[in-house]
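To start, the structure under review is shown below, and the notes come after it.
Taken together, the values in this text are just the output of simple stated rules run on the coordinates, not laboratory data. Note that the coordinates shown come from a computational prediction; the quantities given were computed from them, not determined experimentally. Please note: Cβ atoms are built from the backbone with ideal geometry, for glycine as well, and neighbour counts cover all protein chains shown.
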Amino acid sequence: MKFANKLFLFFCITFSIGVKSKETPYFSPKNIRAFGEYLYKEKEYTRAIIEFQRFLFALDSLPQNADSIFFKIAICYRLNEDYKNSIKYLKKIPSEYPKSGLLEEVYLELSLCYSLMDSVNKSEEILRSFLERSDTSNKALQLTAINYILSKKWEEAKKCLKASSLDRNPLLRLVEVGENLPKKNRALSGFLSTVIPGSGKYYCNRPMEGFHSFVTIGFSAWQAYEGFKEDGIHSVKGWIFGSLGVFLYFGNIYGSIVAADIYNEEQELMFKLSIKNFLNENF
């Protein structure tokens, strides 16, 4: 046996004996939880969920502070946008730990999850219940304002935010953006493309589609004109390109109306995404 192989074997045996003698409990519940906490701080939420669940599974019975583990699992699920599982773990706390010190945070998290799921009515119901038996908090006021923003109740959102003690609340900026969200008029878009093919799509910030419509409809019309000019009313070329041009023309009008709807939906989605980013960064 070569000297290098002997040396490698020696180190392997020494290491295995050392590990066995120390008997380090790498997979003890305490260390599993500590690793979960580390992953949580590192924002590796999927792996953190697995470790926290392993910690709970490794115990013969749930400890008194398991409510804090349920709460962190719920937050991990929420940050992973798995709101249903987040709600599932949040609901475990009041049912299994009715005297938990986390109950206020739990109800606020529940409200937040329902807001993120666009279940504004359910979120508002939880907030009302929370505010009836708890002192008004800035977090609760901000969540209430978020629900007003999602419902496009701009004035109510402003009043709610002014009631909080936070200066220059960034949510006021979201209210301003929501109030002035750019929109395209579908009737105007269709009218523009009726007058000049493709102009409606250009109006909806789709210049290449507008240019393509203008060129294809213009080319079809030109070919139809040439065909009828050469062979008269019986021109096969004229009828083929004429029919194609008419089909493309009306398709261009309809497409322009749809383009306006798509533009408006995209603006709404981007606005909701900015709300979601705010919530994930601040709650």
Label-point gap, in nm, between Asn121 and Asn280 - each point 7 angstrom along Cα→Cβ = 2.8 nm
ask   = Looking only at Tyr254, Tyr83, Tyr263, which one moves most when the chain is put into a Gaussian network model with springs between Cα atoms under 10 Å?
value = Tyr254
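As a test of the formula, what do you get for the chain when each DSSP H run with n ≥ 4 contributes -39,500 (n - 2.57) and the sum is divided by the residue count, at 222 nm and rounded to the nearest 500 deg cm²/dmol? Walk me through the numbers on the way to the answer.
On the way: 14 runs with 222 residues, N = 283.
One gets -26000 deg cm²/dmol as the mean residue ellipticity at 222 nm.
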task = Round to the nearest 10 and give me the degree value, 0 to 90, for the angle of helix 83-96's Cα axis relative to the longest principal axis of the chain.
result = 40 degrees
key: Rounded to the nearest 20 debye, dipole of the chain from Cβ charges on Lys, Arg, Asp, Glu   = 880 debye
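Once fully extended, how much extra length lies between Trp222 and Asn65, figured as 0.36 nm per residue of separation less the alpha-carbon to alpha-carbon distance? Could you put the intermediate results ahead of the total?
On the way: separation 157, 0.36 × 157 = 56.52 nm, distance 7.87 nm.
Gain on stretching Trp222 to Asn65: 48.6 nm.
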ask   = Taking the Cα-to-Cβ direction at Val236 and at Lys43 and moving 7 Å from each Cα, how far apart do the two end points lie in nm?
value = 6.6 nm
query = Against the longest alpha carbon principal axis of the chain, how many degrees, from 0 to 90 and to the nearest 10, is the axis of helix 170-179 turned?
reply = 20 degrees
inquiry  = Using only the Cα atoms of the chain, what are the Rg and Dmax in Å?
reply    = 31.4, 102
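For each pair in Lys84/Lys152; Lys30/Lys88; Lys184/Lys272; Lys88/Lys272; Lys43/Lys153, compute the distance between the two Cα atoms and list the pairs where it is over 29 Å.
On the way: Lys84/Lys152 25 Å; Lys30/Lys88 25 Å; Lys184/Lys272 18 Å; Lys88/Lys272 24 Å; Lys43/Lys153 34 Å.
Too far apart for the 29 Å limit: Lys43/Lys153.
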ask   = Once the Cβ-Cβ distance between Glu81 and Phe191 is put in as r, and R0 is 35 Å, what FRET efficiency do you end up with, to the nearest 0.05?
value = 0.30
remark   = Computed from the beta carbon distance with a Förster radius of 41 Å, FRET efficiency for Asn180 and Lys91 to the nearest 0.05 stands at 0.60
task = Tell me the label-point distance for the pair Phe271, Val258, using the 7 Å Cα-to-Cβ offset, in nm and rounded to one decimal.
result = 2.4 nm
note = Computed over the chain: longest principal axis from alpha-carbon atoms vs helix 29-41 long axis, angle to nearest 10 degrees, is 30 degrees
